[in-house]
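The values are calculated or read from the model by the stated rules, or taken from the named source; none is laboratory data. Computed from a prediction, not measured in an experiment: that's the story for all the values here. Here Cβ is always computed from backbone atoms with ideal geometry, including for glycine, and neighbour counts include all displayed protein chains. Just the protein is used for accessible areas: all its heavy atoms, side chains included, with ligands, DNA and RNA removed. Shrake-Rupley method; radii C 1.70, N 1.55, O 1.52, S 1.80 Å.
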Amino acid sequence: MTPTTPADASATRDSAFIRAARGESVPHTPVWFMRQAGRSLPEYLKVREGIGMLESCMDPDLVTEITLQPVRRYGVDAAIFFSDIVLPLKAVGVDLDIKPGIGPVVASPVRTLADVEAIPDLVPEHVPYITQAVKQLVAELGPTPLIGFAGAPFTVASYLVEGGPSKEHAKTKAMMHSAPEVWDALMRKIAQHSAAYLRVQVAAGASAVQLFDSWAGALTPRDYVEHVMPHSSRVLSEAGELGVPRIHFGVGTTNLLTLMGEAGADVVGVDWRTPLADGIARVGDRAVQGNLDPTLVFAPTEVMLDRAAEVIDAGRAAKGHIFNLGHGVIPSTDPDQLKKLTDFVHGYPLD
Ligand code: CP3
């Protein structure tokens, strides 16, 4: 594939978010929230009325509006592109839907090599609406960075093989162990999609990328190293060629944090179960992102802010620290709590 250079990275190069991701000094601790756009915002529920999730992701004006909503409301240090990890599959023609309250559901789960081979590679022409939405967003955002994202091969494979959300990922892991050639082909296919999807977003102006391996915590380190890491590494290495910082995140990944950094991340996302100091020790000379328990927004404000202070203090030991929740915003979250949290992180003294 032809190398592409970011549209104009200079506008966001000196933002607190990009500086922290690169391990440079910051004017304040940068903060954004995974799933900051979405059901916790009344303005989101209003614009989404009667429009399906995937349909919304393919409408550049709606994507632009929804992505900007939390930036306007909270004044966070970065926007996350409104899309989904299964959008590339939909774009190449896989029959799937995102069902409200359930998540991605795939009509014909992948079982055989022929099933994998029937899935086309992703080319930019499959996703013109993504290019348009990113360009519009970057123009609106000015100095605020836009984070592009994709799903990592294991997490996307889990939806394709299970046919929907899963707790145990049993069919996925069974394929990994009993049909290695099908598994390898599937992981290569998704890695191609994810790398191409990130490339499209960066080419249109995204300033950083996040690779979500949300369900990698289901894996033993050995299986991660042998069957998953090489494919995530390929995606991160292709993203690295684009010159933007790369964030790599998964849930319940305490035992994988070192490896997830080594897969090629500049910033490792730490979920809330791991004390941030432990996470920092595991990732070594890399920046970290996280990791307030997302349910702390339901505690009294003083309690939430007290725990946030602990996270910020712990983050000082890292090469760089981007404040975030330890996973996505829970839909019933009160947006006023996230506003207070953002202001608190911004006002917290640097030393
Ligand atoms: O963070 C953001 O605000 C940006 C948007 C975003 C969405 N999905 C929008 C969305 C991002 C970054 C994602 C990534 C994603 N999608 C992941 C990785 C992140 C994570 O949370 O670990 C995963 C595992 C998916 C798959 C998926 N899509 C799930 C589990 C769900 C939620 C199911 C539910 O309804 O509880 C979706 C649907 C989805 N993706 C919604 C949103 C806003 C809800 C759709 C709606 O509003 O009806």
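Would you confirm, using the coordinates I've provided, whether ASP121 is open to solvent by 10 Å² or more (accessible area, probe 1.4 Å), in a loop (DSSP other than H, G, I, E, B), modelled with pLDDT of 95 or more and not aromatic (Phe, Trp, Tyr)? If you could, list the steps in order and put the result at the bottom.
Values: open to solvent by 10 Å² or more (accessible area, probe 1.4 Å): yes; in a loop (DSSP other than H, G, I, E, B): yes; modelled with pLDDT of 95 or more: yes; not aromatic (Phe, Trp, Tyr): yes.
Answer is yes for this residue.
Please tell me if VAL235 is open to solvent by less than 10 Å² (accessible area, probe 1.4 Å) and touching a Lys or Arg at 6+ places or on another chain (Cβ under 8 Å).
Details: open to solvent by less than 10 Å² (accessible area, probe 1.4 Å): yes; touching a Lys or Arg at 6+ places or on another chain (Cβ under 8 Å): no.
For VAL235, the condition - open to solvent by less than 10 Å² (accessible area, probe 1.4 Å) and touching a Lys or Arg at 6+ places or on another chain (Cβ under 8 Å) - is not met.
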(request) Quick one: THR333 ticks every box in (1) at pLDDT 95 or above; (2) surrounded by fewer than 19 Cβ atoms within 10 Å (Cβ to Cβ) except a single one, so which number is it? (result) (2)
(request) Check ILE85 against each of (1) open to solvent by 70 Å² or more (accessible area, probe 1.4 Å); (2) within 12 Å of the ligand (Cβ to nearest atom); (3) in a loop (DSSP other than H, G, I, E, B) and name the one condition it does not meet. (result) (1)
(message) Of all residues being more than 9 Å from ILE322 (Cα to Cα), more than 9 Å from the ligand (Cβ to nearest atom) and within 18 Å of the chain's Cα centre (by Cα) in the range 12-36, which is most open to solvent (accessible area, probe 1.4 Å)? Just the residue, please.
(response) ARG22
(request) Taking ALA196 as the residue in question, decide whether it is in a loop (DSSP other than H, G, I, E, B) and under 19 Å from the mean Cα position of the chain (by Cα). (result) no
(message) Within the range 302-313, does at least one residue satisfy the condition of being open to solvent by 10 Å² or more (accessible area, probe 1.4 Å) and part of a loop (DSSP other than H, G, I, E, B)?
(response) no
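Taking the criterion of being open to solvent by 30 Å² or more (accessible area, probe 1.4 Å) and more than 16 Å from the ligand (Cβ to nearest atom), would at least one residue in the range 189-205 satisfy it? Working first, answer last.
Filtering the range 189-205 for residues open to solvent by 30 Å² or more (accessible area, probe 1.4 Å) gives 189, 203.
Checking which are more than 16 Å from the ligand (Cβ to nearest atom) leaves us with 189, 203.
For the range 189-205, residues open to solvent by 30 Å² or more (accessible area, probe 1.4 Å) and more than 16 Å from the ligand (Cβ to nearest atom): present.
Being modelled with pLDDT of 95 or more and open to solvent by 10 Å² or more (accessible area, probe 1.4 Å) is the requirement here; does SER178 meet it? Outline the logic, then answer.
Details: modelled with pLDDT of 95 or more: yes; open to solvent by 10 Å² or more (accessible area, probe 1.4 Å): yes.
Against the criterion (modelled with pLDDT of 95 or more and open to solvent by 10 Å² or more (accessible area, probe 1.4 Å)), SER178 qualifies.
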(request) State all residues of the range 91-116 that are surrounded by 12 or more Cβ atoms within 10 Å (Cβ to Cβ) and assigned to a helix (DSSP H, G or I); if no residue qualifies, say none. (result) ALA91, LEU113, ASP115, VAL116
(message) If a residue must be more than 9 Å from the ligand (Cβ to nearest atom) and either open to solvent by less than 10 Å² (accessible area, probe 1.4 Å) or part of a helix (DSSP H, G or I) (or both), how many such residues does the range 55-71 contain?
(response) 10
(message) I'd like to know if the range 37-44 contains one or more residues that are in contact with a Gly (Cβ under 6 Å, 6 or more places away or on another chain), within 16 Å of the ligand (Cβ to nearest atom) and under 27 Å from VAL244 (Cα atoms).
(response) no
(request) State all residues of the range 116-135 that are away from the ligand (no atom under 16 Å from the Cβ) and in contact (Cβ under 8 Å) with a residue 24 or more places away in the chain; if no residue qualifies, say none. (result) VAL116, GLU117, ILE119, PRO120, ASP121, LEU122, VAL123, PRO124, HIS126, THR131, GLN132, LYS135
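Please work out which residue is farthest from the ligand (Cβ to nearest atom), limiting yourself to the range 257-280 and to residues that are assigned to a helix (DSSP H, G or I) and under 19 Å from LEU292 (Cα atoms). Walk me through how you get there before you give the answer.
To start, the set of residues in the range 257-280 that are assigned to a helix (DSSP H, G or I) comprises 257-262, 276-280.
From what's left, under 19 Å from LEU292 (Cα atoms): 257, 276-280.
Values: LEU257: 16, LEU276: 19, ALA277: 23, ASP278: 21, GLY279: 17, ILE280: 21 Å.
Restricting to residues being assigned to a helix (DSSP H, G or I) and under 19 Å from LEU292 (Cα atoms), the top hit is ALA277.
Could you grab me the full set of residues in the range 263-282 that are hydrophobic (A, V, I, L, M, F, W, C) and surrounded by fewer than 23 Cβ atoms within 10 Å (Cβ to Cβ)?
Residues of the range 263-282 hydrophobic (A, V, I, L, M, F, W, C): 263, 265, 267-268, 270, 272, 276-277, 280-281.
Residues satisfying the conditions are TRP272, ALA277, ALA281.
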(message) Conditions first: (1) crowded, with 22+ Cβ neighbours inside 10 Å; (2) out of contact with any helix residue (DSSP H, G or I) (no Cβ under 6 Å at 6 or more places or on another chain). ALA150 passes all but one, so which condition is the exception?
(response) (2)
(message) Report every pair of residues separated by at least 6 positions or lying on different chains whose Cβ atoms are under 9 Å apart, first residue within the range 163-179 and within 14 Å of the ligand (Cβ to nearest atom), second among the aromatic types (Phe, Trp, Tyr) and open to solvent by 50 Å² or more (accessible area, probe 1.4 Å).
(response) SER166/TRP215; HIS169/TRP215; THR172/TRP215
